[in-house]
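Here is the structure we will look at.
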Amino acid sequence: MSDLEITDSPLTKPGFSPPPPDDLGILQQIAASISMPFAFSHCTAARILGWPVPWVAQVSGDVHVMTRTPDGQIRTTGFVGHRGLESRDVSILHGLPVVAPAHTWVDLGELVGPGLPYFFEDIIGSGDQALNRGCTKAELRALVESRNRPRGKRTLLPALVWMRKGSESMLETQWRLCCQRARLPQADLNRNRYAPGGRFLFRPDLSWLAKRIALECQGVEFHDTPEAAAADGERMRRGSADRWTFHEVRSQQLWDKSARDTALMELADSLEFPARRLDLVGAEPMPYSPEAAETLRENLRRRNRLSCQGLWLPTR
């Protein structure tokens, strides 16, 4: 995170514009080549909005485009066409037509499931960013409910419970969720911290002021350069001088149970949180919401029953 002394997260400020995507020039060419009303949608819209996008969706190179239902959907190699633009709000960002944040978040529910790029926590992370952009949970819930049998509803509605304004990256969302599911006390997110007298100290990703504990989520992209390491060291020096204790975590620890358990136990110890109350099993990352997981299990049970009766065989 930056050491700039700011009162609020820049993502929460009205009129905030995320940096342009790396392929802005290509997207502009694509936009100029489409002759009918359209907007970039789904994970392409998420990229333009500056939201985290799963690696699988990034490397596929597919461009998601939404058009009006009467016009039909675009069917061209390299594109994923969608219909329904007439029922979406559209924003202009970097000169590109983009399905607006609230509608984009609901649309992403279509991309959750086996063989699809989004998981439950990806939807929560995108939802955090939607809240940062000024959407409300009530607005998002109403939008889900207003659609006629929306795909992904069993993921979208449960995600609302876990979403929270303030996380500024997917890694921050994941560690926030990990701490929350482990039953640790709720942390402040990207809150400025000051020394006595009002001198600015730093702005940690997660922090517990009463215990003067800070959790920094160190992503490779932003923290593994010499300049970033120097800035991190200076920030921690200032905090340590004011009796703050720092814990650093990385993405790899989320997926390694032993490393994740160790990080959570060390954090709990610093917070003076009773180890017996720590839920290390519940802290496991969740690929699917409980509701969606139950649907998948029921589908599997149904296929097994039909297979035993000789009524269903997998297609080749």
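The values are calculated or read from the model by the stated rules, or taken from the named source; none is laboratory data. In this text, all values refer to a predicted model and were calculated from it rather than measured experimentally. Here Cβ is always computed from backbone atoms with ideal geometry, including for glycine, and neighbour counts include all displayed protein chains. Just so you know, the surface numbers come from the protein's heavy atoms only, side chains and all, with ligands and any DNA or RNA stripped out. Shrake-Rupley method; radii C 1.70, N 1.55, O 1.52, S 1.80 Å.
Cβ under 13 Å from residue 150's Cβ, residue 150 left aside: what net charge do those residues give with Lys, Arg +1 and Asp, Glu -1? Intermediate values should be presented prior to the final figure.
Details: positive: 88, 141, 147, 149, 151, 153, 154; negative: 107, 110, 145.
After counting each charged neighbour, the total is +4.
For residue 29 and residue 269, what is the calculated FRET efficiency with R₀ set at 51 Å and r taken between the beta-carbons, to the nearest 0.05?
In this case the efficiency is close to 0.40.
Indicate the gyration tensor shape class of the range 165-225 (rounded, prolate or oblate), computed on the Cα atoms with a ≥ b ≥ c the square roots of the eigenvalues: a/c under 1.5 is rounded; otherwise a/b larger than b/c is prolate and the rest oblate.
On the way: a/c = 2.27, a/b = 1.21, b/c = 1.87.
Cα axes put the range 165-225 in the oblate bin.
Counting only GluC sites (Glu not before Pro) that are in a DSSP loop and have at most 13 other C-beta atoms within 10 Å, tell me the longest site-free stretch of the chain. All intermediate terms of the calculation are to be shown ahead of the outcome.
On the way: sites that count: 5, 272.
The answer is 6-271.
Label points 7 Å out from Cα along the Cβ direction at residue 200 and residue 261: separation in nm?
Taking the simple label geometry, residue 200 and residue 261 are separated by 4.2 nm.
Calculate one ³J(HN,Hα) per residue across the range 22-27 by plugging θ = phi - 60° into the Karplus curve 6.51 cos²θ - 1.76 cosθ + 1.60, and present them in order as whole Hz with x for glycine and proline.
Each residue of the range 22-27 in turn: 4, 9, 3, x, 5, 5 Hz.
Between the helical axis of 290-308 and the dominant principal axis of the chain, each derived from Cα atoms, what acute angle in degrees is found, rounded to the nearest 10?
Taking the Cα atoms of the chain, the angle to 290-308 is about 50 degrees.
Out of the trypsin sites (Lys or Arg not before Pro) in the range 22-119, which ones are loop residues according to DSSP with at most 13 other C-beta atoms within 10 Å? Numbers along the way, then the final one.
Working: sites: 47, 68, 75, 83, 88; in loops: 68, 75, 88.
The qualifying sites are 75.
Using the Cβ atoms and a cut-off under 12 Å, what net charge is assigned to the surroundings of residue 93, where Lys and Arg are +1 and Asp and Glu are -1?
On the way: positive: 47, 133; negative: none.
Once all neighbours under 12 Å are counted, the net charge is +2.
Of the accessible area of the range 101-146, with the probe set at 1.4 angstrom, what percent is carbon plus sulfur?
Values: 810 of 1390 Å².
About 58 percent, which is the carbon plus sulfur part of the accessible surface.
Rounded to the nearest whole Å², what accessible area per residue is found for the chain with the 1.4 Å probe? Walk me through the numbers before you get to the answer.
Values: 16460 Å² over 316 residues.
Roughly 52 Å² per residue, with all protein chains present.
Show that you can apply the helix-only estimate: for the chain, add -39,500 (n - 2.57) for every DSSP H stretch of four or more residues, divide by all residues, and state [θ] at 222 nm to the nearest 500. All intermediate terms of the calculation are to be shown ahead of the outcome.
Details: 13 runs with 135 residues, N = 316.
That calculation yields -12500 deg cm²/dmol at 222 nm.
Where does the range 220-309 land on the Kirkwood hydrodynamic radius, alpha-carbon pairs, in angstrom?
Values: mean 1/r = 0.0586 Å⁻¹.
Taking the inverse mean of 1/r over all distinct Cα pairs, the range 220-309 comes out at 17.1 Å.
Residue 43: net charge of surrounding residues, Cβ under 12 Å, Lys/Arg +1, Asp/Glu -1, itself excluded? It would help to have the intermediate numbers written out before the result.
Working: positive: 47; negative: 62, 107, 110, 122.
That works out to -3.
Based on the alpha-carbon gyration tensor of the chain and its eigenvalue square roots a ≥ b ≥ c, which shape applies: rounded if a/c is under 1.5, prolate if not and a/b is larger than b/c, or oblate?
Working: a/c = 2.20, a/b = 1.35, b/c = 1.63.
It is oblate, given that a/c is not under 1.5 and a/b is not larger than b/c.
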